[in-house]
Amino acid sequence: MTQPNRIAWDGLQIDRRRALSFRFNGKTYQGYEGDTLASALLANGVHLVGRSFKYHRPRGILSAGVEEPNALVELGREGAHQPNLRATEIPLFDGLEARSQNCWPSLKWDLGAAVQLASPMLTAGFYYKTFMQPSWAWRHYEKVIRKAAGLGKAPTVRDEARYDKRHQYCDLLVVGAGPAGLMAATSAARRSARVILVDERRELGGMLLEESVHIAGQTAKQWVQQTLAELEALETVTVLPRTTVFGRYRHGKFGLVQHTEQGQVLHSVHARRAVMATGAIERPMVFSDNDRPGVMLAGAIRRYIRCYGVVPGRRAAIFTNNDSAYETARCLREAGAEVAAIVDLRERAPSVAGLDDVEILTQAEVVGVQGSQHVKAVEIEVGSKRRRIACDLLCVSGGWTPTIHLLAHGGKDTLAYDAAWGAFIPTCSEPVPGIHATGACNGAQSLVNILAQGIAAGEAAAEALGCEAATPVALPEVQHRGGELSPSAAPVCEVRGGRGKKFVDLQDDVTVRDLELALREGYRSIEHVKRYTTLGMGTDQGRTSNINGMRIVAERLGKRIDEVGTTTFRPPFTPVSLGALAGRESDRRLDVLRRSPIHDWHVRNGAVFMPSGLWLRPQYYRRPGHGETLTEAARKEAANVRDKVGIADVSTLGKIEVQGRDAAEFLNRLYINRCGNVGLHKARYGVMLREDGFVFDDGTVVKLADNRYLISTTTVNAGAVLSHMEFHQQMVWPELSVHIEPVTEQWAVVALAGPASREVLARLMPEEDVSNQALPFLGYREVCFQGVTTRLFRISFSGELAYEIAVPADHGLTLWEALLEAGEPFGIMPYGLEAMDYLRIEKGHLIIGTDIDGRVTPHDIGLGGMIRGDDDFIGRRSLQRPALTEEGRPRLVGFVSADGETPIPASAQLVAERWTGTPQDSLGRITSPGFSPVLDCPIALGLAEVEAEGGSLYAVSPLTGEQAEVTVTRPVFHDPKGERLRG
Amino acid sequence: MLRIPCPYCGERNYTEFTYGGDANQARPANPATVSDTEWEAFLYRRGNPAGEHIEYWQHSFGCRQWLKVVRDTVTHDIVSMGGHGMEGGEKA
Ligand SMILES: [Zn+2]
């Protein structure tokens, strides 16, 4: 396969020995290692790469870099593709597959292009005006608009790319590895600063790669390689190619995305100082049909020729308002292309060596472009005369815009308009404290100045960082072949004549007419004009269009461009994929996953898990071959605890040890019931409030020894309770001598519950006396089980005779299996959270987060009687607040399904009458619906404003349509006197 | 963005810390003697200054020390910091 536009050239970035095959829009082409997709397409003579956003006009490649507004493609297999990637930035690889966007049925025959016929309708503010009335119709319009508008299609399958994140810290971040950035990095690195040097391109060197220049007696490419070699040899320097700094944030933080072969890495860089060496981006000219494929930026042509050996045309015309485009003429001729004419807007053309025989037309304009899918000729006007010049490439240059985005993230007061550039440049070389601007982005024009500024910025940064002195970098000698040409531009970017559309913003299809219309309709602020016309609002953020747009608006308003001002600069500089922001934090890696020490046993034995905070806990056990549902399994597990004996893994409950001389006093101030006063080797159920008087957490407090307590917390509240205790110990009562240590992970804990639990325990530990006298209800003993320290607690959540047995975490599985073995003759079964829920609802035990939702006081839930003594505790004063003591607050009650069958819906509201859809006042809500194995009917706990037991209410869930008539009862359904758990 | 200089661990990323709210209100030494209005002020009344604000942060993923931090709510600059003994609102 031939690449008709490829030529032999010295010093290319491509490797001609490594041919690569790729597909674009279903056709196979060849390129070389080192190509971008754009350079490879141009090498194959492919100019037409997409359709425009609004009018579906044919579009070609405009630029050679990040500023590209047109050549957005889908990369990868359809469905698994990435949309909206700039062809100018996609490194070519073998087997690459890409497609155009915004075209149907094909790129060449796009039906959407018919909208051009209706284009008088599609002016600025079109959507606002057309689709606002009548408002109900929007949902119909939207479907059509969504299909016709928008950039690219979202992928339909999982993204297989790899994403990761890094946090980095450095002394100096240098953004841009062109001449200024390389010099700044070298200067600072020689003074031992830790430097990160980034550049968005794969090949470093910036503008040097497109210029014909010798530095320090070497070619630009050799000089770049030698400079990079010095930097890369230093351990203190990190060079990141293909990395875009997309945002600058406060305190020296920068967001970077690095593209690698496998995926992307998001770097959060904290830099003590930074050097902006971001260069400048060329602007196009605004004229009739300036969007035709084959109209390209003049500087981009130099890059395609000098980096890739690609000459995008045989016979070129050049249209410019500045000298720099004359270098493109020289470059094209060296590459063997013909330069038909240079059309210069200005009165005088520069005298440029080597272009003596090229026709140069001054005070001339391009007023039209012929050829709808590719440039065939340009129409020019010189004075009042029109001429047609046949060509297949039109190189345009409307001047250069320093890339000041990162400097302006955080405020535009760092910028001032500069007439020579026709654009905004930084106000000084350190426009933001700690951020140096250098090189072209700082307004430096000649290469010598750019290099000198780079050295100065590196030295200034190193000085400010307090780096030791070193031999300064010498300013290298620069030799331009044929003389250096200035980017200073005439303050004109627009041709008034011509019949076609004049595009200002190619990506958003914003024309001169749209801007004029916005001004006619009264928009004056550039921010409003931008929003109304969508100027500069595409994924390219108007890199090639903003300055031209502002200039046209300023002219029409009779103002200076600096009076009109710029729009606000915001991160990101280039679009950042959601994958990069998410990194590895997706799916199961979204958060930490915690497993109990007995987890693997649960997995092997059919446990179905449910999350509880960060933990996974067994909800129920699906016994092999039984095919039970959740309800069937849970009822069976719960009934087995009531009738026989069961075990549950409660290792996830929070455990905190509190030690020290003042531990008892500390606990007395945290719990409503003076838990510090619990007797030695005794457990006490305790309730903690928040300072506002509402219940915060509950659990047991056990006195292990003098001045040593173990408290338990709800699983999900373990972290919050620890933090709460630390806060009060460190900031409120620092005079108390207390040490707090979380020990949750150190212990595996098993609840053993049921009438047969004592016999099981006796069988498990034959040498221990576990009689009711030796280990009474709320008793504690430290024992030795299989040679390890074991904590034995007589506490019950299920309401049955029950124990909790704690062993060091590594021994959890041993304990679990030993309990199953010891309990085998008694019919022991494990039970999960669902059965635990049935059991505790029957018993009227509450759960933090469901029944206790941060709005209930101890009195509301019948625990007011627990409050002990007169001394202060956290939350006590708040309980006296009028609203917390008033009559009629919802209180905890129980409910039984009136017909004994209908399930009580979850999260139901309680109302007085049967629900028919007519609104009624809510009298409260169901907090815990369940099923009582003892009563064999649905029961529930709830908070309601009810006077007496025995009344009838309706528990209604209007969302699901479920309702149940319920009878109000006491919130205890089983063993109200607690004889079973004390027995 | 925010880098918080923990007196124990040195300057660390703010993601290691947990915000604990306004630190201007000290808990009354004897809540029982405080009026409802004063107690309500302690519980709920908060300033919302554009500028220096003293607030609690805990170095949760570090030494677990609770700190009083004076932060500029406009610039996010950490103006000063200290432990329990630091006076509310004053520079340490
Ligand atoms: Zn710390």
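The values are calculated or read from the model by the stated rules, or taken from the named source; none is laboratory data. Just so you know, these numbers come straight off a predicted model, no measurement behind them. Cβ placement follows ideal geometry from the backbone for every residue including glycine, while neighbour counts extend to all protein chains displayed. Keep in mind that these areas ignore ligands, DNA and RNA; they rest on the heavy atoms of the full protein, side chains included. Shrake-Rupley method; radii C 1.70, N 1.55, O 1.52, S 1.80 Å.
Some notes on this structure:
- Within segment B:43-51, one or more residues are outside any strand (DSSP E or B) and either within 14 Å of the ligand (Cβ to nearest atom) or crowded, with 16+ Cβ neighbours inside 10 Å (or both).
- Any chance A:Val529 is without any contact (Cβ under 8 Å) to a residue 40 or more places away in the chain and farther than 24 Å from A:Cys441 by Cα: yes
- In segment B:1-20, residue nearest to A:Leu256 (Cα to Cα) [restricted to those that are within 12 Å of chain A (Cβ to nearest Cβ) and among the hydrophobic types (A, V, I, L, M, F, W, C)]: B:Met1
- Among (1) farther than 30 Å from B:Ala29 by Cα; (2) surrounded by fewer than 20 Cβ atoms within 10 Å (Cβ to Cβ), the one test that A:Glu665 misses: (1)
- Some residue of segment A:821-833 being open to solvent by 10 Å² or more (accessible area, probe 1.4 Å), assigned to a strand (DSSP E or B), assigned by TED's automatic domain parsing to the domain that holds A:Cys784 and not basic (Lys, Arg): yes
- In segment A:890-983, counting only strands (runs of 3 or more DSSP E) that sit wholly within it, the ones holding 3 or more residues that are over 22 Å from A:Ser798 (Cβ atoms) span A:909-911, A:952-957, A:962-969.
- Residues satisfying the stated conditions in segment B:60-70, i.e. more than 10 Å from the ligand (Cβ to nearest atom) and touching a residue at least 60 places away in the same chain (Cβ under 8 Å): B:Val69
- For A:Glu949, the test of being at pLDDT below 90, in contact with a strand residue (DSSP E or B) (Cβ under 8 Å, 6 or more places away or on another chain) and acidic (Asp, Glu) is passed.
- Residues within segment A:874-916 that are charged (D, E, K, R), open to solvent by 60 Å² or more (accessible area, probe 1.4 Å) and closer than 15 Å to A:Thr857 by Cβ, tallied: 3
- Selection within segment A:523-574 - outside any helix (DSSP H, G or I) and of a type in the set (D, E, K, R): A:Arg524, A:Asp540, A:Arg543, A:Lys559, A:Arg560, A:Arg570
- Residue check, A:Gly686 over 18 Å from A:Leu736 (Cα atoms), touching a Cys at 6+ places or on another chain (Cβ under 9 Å) and of a type outside the set (A, V, I, L, M): yes
- Any hit, segment A:840-856, residues being over 17 Å from A:Val893 (Cα atoms), over 44 Å from the mean Cα position of the chain (by Cα) and not polar (S, T, N, Q): no
- Search result, residues across segment B:1-25 that are more than 12 Å from the ligand (Cβ to nearest atom), assigned to a strand (DSSP E or B) and open to solvent by 70 Å² or more (accessible area, probe 1.4 Å): B:Tyr19
- Subset of segment A:156-191 that is more than 14 Å from chain B (Cβ to nearest Cβ) and open to solvent by 60 Å² or more (accessible area, probe 1.4 Å) - its residue that is modelled with the highest pLDDT: A:Arg190
- Which listed residue is open to solvent by less than 40 Å² (accessible area, probe 1.4 Å), farther than 30 Å from A:Ser268 by Cα, not assigned by TED's automatic domain parsing to the domain that holds A:Arg524 and not acidic (Asp, Glu), from A:Gly625, A:Gly549, A:Gly606: A:Gly606
- Flag for B:Val79 being more than 12 Å from chain A (Cβ to nearest Cβ), more than 21 Å from A:Val732 (Cα to Cα) and surrounded by 15 or more Cβ atoms within 10 Å (Cβ to Cβ): yes
- Identity of the residue in segment A:445-478, in contact (Cβ under 8 Å) with a residue 12 or more places away in the chain and among the polar types (S, T, N, Q), that ends up surrounded by the fewest Cβ atoms within 10 Å (Cβ to Cβ): A:Thr471
- Of all residues in segment B:21-59, those being at the interface with chain A (Cβ under 7 Å from one of its Cβ atoms) and of a type in the set (Gly, Ala, Ser) number 1.
- Looking across segment B:26-40 at every residue that is within 17 Å of the chain's Cα centre (by Cα) and without any contact (Cβ under 8 Å) to a residue 60 or more places away in the chain, the one that is farthest from the ligand (Cβ to nearest atom) is identified as B:Pro28.
- Spans of strands (runs of 3 or more DSSP E) in segment A:233-291 with at least 1 residues closer than 30 Å to A:Asp344 by Cα and open to solvent by 10 Å² or more (accessible area, probe 1.4 Å): A:280-282
- Test: residue in segment A:503-515 that is within 30 Å of the chain's Cα centre (by Cα) and farther than 28 Å from A:Glu200 by Cβ: no
- Residue match in segment A:717-738 (condition: away from every other protein chain (no Cβ under 14 Å), under 40 Å from the mean Cα position of the chain (by Cα) and under 30 Å from A:Gly827 (Cβ atoms)): no
- Residues in segment A:371-429 that are acidic (Asp, Glu) and surrounded by fewer than 18 Cβ atoms within 10 Å (Cβ to Cβ): A:Asp413, A:Asp418.
- The set of residues from segment A:211-221 being open to solvent by 20 Å² or more (accessible area, probe 1.4 Å) and touching a residue at least 12 places away in the same chain (Cβ under 8 Å) comprises A:Glu211, A:His214, A:Ala216, A:Gly217, A:Thr219, A:Lys221.
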